[in-house]
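Report on the following structure.
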Ligand SMILES: Nc1ncnc2c1ncn2[C@@H]1O[C@H](COP(=O)(O)OP(=O)(O)O)[C@@H](O)[C@H]1O
Ligand SMILES: [Mg+2]
């Protein structure tokens, strides 16, 4: 501990005084946040308070204009990087409402974005699908096309579990799913964090809030994160 | 090579004489030339107003290839470099070399075909060696009078392939004509004629998904197929010609009683393209036309299908997919005709367009002619747009803009890709990805 290399920066995702606009409407007002591997932070708040906007701004949605502030990954600003490069830096966003893709199979997509191939990768993928209560044949289905709301959420989580990114933003991964699924999702999220990821868990599901009540809970309102909420 | 402002009878005579053709062929050419002069420009010809095609028509006897690597346009050179093909194959595909390294492989394909009694010959040779057989079909399936440029094709045709499959013979593997007999398929006015006798089967693959450079900028080829009773022809074309080319392709099959004809047609390349495979269906015949095209910025791609239901209970299916990017224009033109007596005939046409950019365009012009009250036609069309949300999603999963667009295109065309032999499908995907590289302005 004493001889810790001075050049090693602590791995952390930091949002600094972030102000952002959509079509001239201020949607984020001086948001501060930090997220480190091994940590789950819960983000809650009413509809329209800016939770998704915050997650999407971190991911690099170009339709949201950052007016002020910064987003740092491991000490380096990613504010001017396109989403694909932020992904390469370890940021992953699970979409609240993922779009549908014709003719793109889930399994092939996962191989593509992970850069992996071969039977071992496929075996692992199937295993994760099963653990999430999905039939492995789902890997042959089209990405989010014709899937139920609950299946979509789990397919998003499947990707996170397969990729094991450093910073995982889960946007209402627990909405529109049954009670057992909420519990299962919470369990898998804990595993992800135990494996070394950091998770921002955006939710307003009472059960999830209860399950994660021992973790820091942040509350958002009108584009601001309120201190000491929860 | 010479450029011709005017194509006259003496030129046509000269072509015929040089080829040592029989009298009937010489006359056919001259009649076609007369038609060409008489016929007006087809009124459906979109996107060409500013051009005088006649002035673009070059006539060359043999060498349509580039003569050196340096002569190839930079984008084509870049393609071959990036595909990391072996030097030999690269030169061959680029049209620089006429012999292919793995000729050995194809020698025994040829031997197999010979043993089965299949005739596979350059068209010119077939005219001489099997004059009666060729005469019975040549120009009778796709008539020169169809339109002005069909007539021009018949006046100037040169190159192409003749395939004859005897009764009951089923050729078990796809015949990739490009590798067997590419010289003839590289021509400007090539004419291919395929005859399947009763109960025969053939899958013929024409073309190649690698980009092909031609010295000419106007292509006007034709394929005629006669499919006898209960025979089955599948004809696949994947064309990726240079971006300088205006491409006409006149394809028609006659499907006799109980037979099946499938046209699978794809076009990556060319600048403007007009391709409408057609089938005449007799009793209980089946036809399936499946095509895709991609119109990048500045391009105009027309595809479609023409179906003439003559016989009872004949059935046809058309699946057309087009992708437009930038200000590219895709046009679908379909004609389904139900003749009186085509009882309970059925045709189903579906036409899907994907628009990748706000300026991209797609038009569909389905046209039905129904004379038979018990015949039915179903038509479905859809237009989808690449949304900003889809782009953001794919980019958030690590794909850059070009890769994301290529993936969307691959997904949209996935059912067409599934129709290709697997090794072809793999090349297809790579070419598709290449096609979208740097496409974002
Ligand atoms: N694409 C958009 N165009 C215009 N306004 C938007 C858009 N997306 C979100 N907003 C606005 O931003 C604010 C925050 O929305 P959002 O982040 O989705 O809230 P939450 O996820 O907390 O429900 C809302 O006022 C919403 O109307
Ligand atoms: Mg939200």
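Where a number appears in this text, it was derived from the coordinates with a stated rule and is not lab data. Since this is a predicted model, take the numbers as computed values, not measurements. Neighbour counts are summed over all protein chains in view; Cβ atoms, including those assigned to glycine, are modelled from backbone coordinates with ideal geometry.
The helix-only estimate of mean residue ellipticity at 222 nm for chain A, built from DSSP H runs of length n ≥ 4 each weighted as -39500 (n - 2.57), is -9500 deg cm²/dmol after division by the residue total. Label point of residue A:178 set 7 angstrom out along Cα-Cβ; within region A:138-153, amide nitrogens under 16 Å from it belong to A:148-153.
Note on chain A: antiparallel DSSP beta bridges, both residues inside, total approximately 55 percent of the bridges counted.
You can think of it this way: the chain between residue B:24 and residue B:382 has 124.1 nm of extra reach, that is 0.36 nm per residue less the Cα-Cα gap. Helix A:179-194 axis versus longest C-alpha principal axis of chain A: approximately 70°, rounded to the nearest ten. Here, P(r) means the percent of Cα pairs in each 10 Å bin from 0 to the largest distance; for region B:401-441 it is 32, 52, 15, 1. Spin-label pair residue B:37-residue B:173: with each label point 7 Å from Cα along the Cα-Cβ axis, the two points sit 5.0 nm from one another. Inter-chain Cβ neighbour count for B:406-412, averaged per residue, equals 4 (cutoff 10 Å, partner chain atoms only).
The mean of 1/r over all distinct Cα pairs in region B:193-337, once inverted, gives the Kirkwood hydrodynamic radius of 15.3 Å.
Tilt of helix A:149-163 relative to the longest C-alpha principal axis of chain A, in degrees (0 to 90, nearest 10)? Once rounded, one gets 80 degrees. Divide the volume of the convex hull around the Cα atoms of region A:1-92 by the residue count and you get 113 Å³ per residue.
Taking A:123, A:29, A:56 as the candidate residues, the one with maximal mean-square fluctuation in a Gaussian network model of chain A, Cα springs under 10 Å, is A:123. Taking other Cβ atoms within 10 Å as a rough exposure proxy, B:437, B:395 sort from fewest to most as B:437, B:395. Put in order of Cβ neighbour count within 10 Å, fewest first, the listed residues B:400, A:171, A:61, A:24 become A:24, B:400, A:61, A:171. By definition, a body whose alpha carbon gyration tensor gives a ≥ b ≥ c is oblate when a/c is 1.5 or more and a/b is not larger than b/c, and region A:68-122 fits this oblate description. Ordering B:24, B:241 by the number of other Cβ atoms within 10 Å of each residue's own Cβ, fewest first, gives B:24, B:241. On the principal axes of its alpha carbon atoms, region A:13-228 extends 46, 36, 31 Å, with the longest extent given first. Projected onto planes of every orientation and averaged, the convex hull of the alpha-carbon atoms in region B:287-346 covers 3.7 nm². Relative to the longest principal axis of the Cα atoms of chain A, the long axis of helix A:119-131 lies at roughly 80 degrees. Packing-based ranking of B:133-144, A:207-218 yields B:133-144, A:207-218, ordered from highest to lowest mean Cβ neighbour count within 10 Å. For the pair residue A:97 and residue B:433, a Förster radius of 35 Å applied to the C-beta separation gives a FRET efficiency near 0.80, rounded to the nearest 0.05.
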